[in-house]
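First the structure, in the form of structure tokens, and then the observations on it.
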Amino acid sequence: MAPPLIQLKDIKLTFGGTPLLSGVELSVSSSERVCLIGRNGSGKSTLLKIAAGLVEPDSGSRFVQPGATVRYLPQEPDFAGFATTLAYVEAGLAPGDDHYQARYVLEQLGLHGDEDPAQVSGGEARRAALARVLAPSPDILLLDEPTNHLDLTTIEWLEGELGSRRSALVIISHDRRFLSNLSRSTAWLDRGQIRQIDRGFSAFEAWRDEVLAEEERDQHKLDRKIVNEEHWLRYGVSGRRKRNVKRLGNLYALREQRRDYRGAAGNANLAAAEADKSGKLIIEAKNISRSYGDRKIVDDFSIRVQRGDRIGIVGPNGVGKTTLIEMLTGANPPDSGTIRFGANIEMATLDQHRESLDPKSTLAEALTGGRSDHVMVGGKPKHVVSYMKDFLFGQEQMRTPLEVLSGGERGRLMLARALAKPSNLLVLDEPTNDLDLETLDVLEEMLGDYEGTVILISHDRDFLDRVVTSVIAPEGDGRWIEYAGGYTDMLAQRGADLKREAAKASTAEGNKATKGTPLQGTARRRLNFNEKHALETLPKTIAKLQAEIAKQQRHLDDPNLYKKDRKKFDQASDALTKAQKELQEAEDKWLELEVLREEIEQA
């Protein structure tokens, strides 16, 4: 077995009461790909920070192989002190690293490098942070939620990029498809300890269920044993005192073992408050269009949504998904075309912008509106503590300020607020953001049992495949097409993955164009940084290869070389063949790029 690049031994850490980490062991070898799984609040991010050397545990040891390079991707990158995204990325390079890589990776992720970090969106900030850890090509990549705020196009690019690298990976993510495609080993952080299997995430859920079932059987046996010992204590104490004292001590030990047992955390109890049944027709849109300036967001789109439909809307950030969903739900009328709504529609919405919550307000105030200790769920009052427990919040969190909640806790809070309102139409914008795997499972079950209609935006491919009955995808120039089935079915019908549009994205509020070069597949083609660099450097490379060919040819022109020095003859022949091949490839590449440059300039 290869020696570990990084190893954590007997890591212990406690914040206040119950230990967060108690004797954690984690070892990662060269090229190993580990997914780190656990409930929200279980300590995954803290453990990754310990592995990165950013947090000091109470006890335990951290070993990193001498000379190994480690790069850590935080959930919230710190851009303080950097004037541009390029400066931020270059600061992550080590001495001797190629500075061209910083700009190249930025461009691959859709950024120019001159963006002001203080003004970038959440998606742009995540792409800049990714570029910073990818540019040095480190030995170990520690990635905390790398797909957060990324659209499907970028997620799929990142998946391919990480899959082609030799770096060891430790990944925390709630994107099940991403984990299944990349991981080869699974580390499950549960109740302060790690269990690990040499199988990827696709095997995790079945393995987890087996472990928990075995644990439940063991606890049942322990309970039966305690009952039997207590029965003996009450009715069977007699005879040999020494033996009885020992048996009584064993009973106390069994009771202590039972008290110390930390059961598995419960699952969320998600249920949407359903209103009276709507009519069969929910929404009928005919030839609707919307433009911002010269850019078409939606062009001549028609759809008929019926009761019980589950429709997913996908596409790159900035393509107009939120604009489309606002038009379909009447929040933002189209420039042209008509929208007709069915009878008796009661709509509940989940907004992806959690910043609308007052960070100083408490959890209870956010759920009740600050009016009382009760939440109106489906038109009926329910005590806020009882409702909080349905969404995995403890009673002690009732007065907790929202600003200290984790991303996953804020996600559950937004779901709790949205699902309390009676509805027969659920409109969900990025409902899976920051939710742990168990809560995702429960959300899927809830949507499956929901008798109304669901329209949602999501970048989670696995979630889309499990939930929706059709997918609306952009085809460029404002055209949108509805495909039957989930995300995978949509790809099969289109015959290609999603591509970014070339036009600049605009928000509905301010028509603010986002910076950044689209990923591959743009309509308005231009040379990227790598191609420009190749055009500049290939002539020098060609000249060097021609000089090498001439040099080796002079050696071979000696008619006696073969007899005098067979080894030198073979070396010259091999070097000549290699140089001629490289020259042919370099000339072909230069010609291809030169033709492309001329076409772009003439377009």
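What the table shows:
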{"quantity": "Given (1) over 23 Å from the mean Cα position of the chain (by Cα); (2) over 26 Å from residue 319 (Cα atoms), number of the condition residue 138 does not satisfy", "calculated": "(1)"}
{"quantity": "So residue 180, is it modelled with pLDDT under 90, under 20 Å from the mean Cα position of the chain (by Cα) and not hydrophobic (A, V, I, L, M, F, W, C)", "calculated": "no"}
{"quantity": "Residue list for the stretch 283-339, filter: of a type in the set (Lys, Arg) and outside any strand (DSSP E or B)", "calculated": "307, 321"}
{"quantity": "Conditions (1) surrounded by 18 or more Cβ atoms within 10 Å (Cβ to Cβ); (2) on the phi > 0 side of the Ramachandran plot; number of the one not met by residue 477", "calculated": "(1)"}
{"quantity": "Single unsatisfied condition, residue 325 versus (1) within 31 Å of the chain's Cα centre (by Cα); (2) farther than 16 Å from residue 349 by Cβ", "calculated": "(2)"}
{"quantity": "Residue check, residue 175 closer than 18 Å to residue 142 by Cβ, in the same structural domain as residue 44 (by TED's automatic domain parsing) and charged (D, E, K, R)", "calculated": "yes"}
{"quantity": "Those residues of the stretch 186-209 which are surrounded by fewer than 20 Cβ atoms within 10 Å (Cβ to Cβ) and within 17 Å of residue 141 (Cβ to Cβ), in sequence order", "calculated": "200"}
{"quantity": "Residues located in the stretch 56-72, provided they are under 25 Å from residue 178 (Cβ atoms) and touching a Lys or Arg at 6+ places or on another chain (Cβ under 8 Å)", "calculated": "71, 72"}
{"quantity": "Selected residue (criterion: surrounded by the most Cβ atoms within 10 Å (Cβ to Cβ)) from residues of the stretch 74-97 that are in contact (Cβ under 8 Å) with a residue 40 or more places away in the chain and hydroxyl-bearing (Ser, Thr, Tyr)", "calculated": "85"}
{"quantity": "Counted residues, the stretch 8-48 - those being free of Cβ contacts under 8 Å to residues at least 40 places away in the same chain and either of a type in the set (Phe, Trp, Tyr) or at negative phi (or both)", "calculated": "4"}
{"quantity": "Pair list, Cβ < 6 Å and 6+ apart or interchain, from the stretch 98-124 residues that are of a type in the set (Asp, Glu) to residues that are modelled with pLDDT of 90 or more and not in a helix (DSSP H, G or I)", "calculated": "114/84"}
{"quantity": "Sole residue being of a type outside the set (Val, Ile, Thr), under 20 Å from the mean Cα position of the chain (by Cα) and either modelled with pLDDT of 80 or more or surrounded by fewer than 21 Cβ atoms within 10 Å (Cβ to Cβ) (or both), chosen from 406, 423", "calculated": "406"}
{"quantity": "Those strands (runs of 3 or more DSSP E) lying entirely in the stretch 139-204 with at least 3 residues more than 20 Å from residue 68 (Cβ to Cβ)", "calculated": "185-190, 193-197"}
{"quantity": "Test: residue 441 is part of a loop (DSSP other than H, G, I, E, B) and within 20 Å of the chain's Cα centre (by Cα)", "calculated": "no"}
{"quantity": "Residues (over 20 Å from residue 8 (Cβ atoms) and in contact with a strand residue (DSSP E or B) (Cβ under 9 Å, 6 or more places away or on another chain)) located in the stretch 181-201", "calculated": "182, 199, 200, 201"}
{"quantity": "Candidate set from the stretch 535-566 (those that are over 50 Å from the mean Cα position of the chain (by Cα) and of a type in the set (Asp, Glu)); member that is farthest from residue 595 (Cα to Cα)", "calculated": "565"}
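The values are calculated or read from the model by the stated rules, or taken from the named source; none is laboratory data. Note that the structure is a prediction, hence the values are computed from the model and not measured. Glycine also receives a Cβ, built like all others from the backbone with ideal geometry; neighbour counts cover every protein chain displayed.
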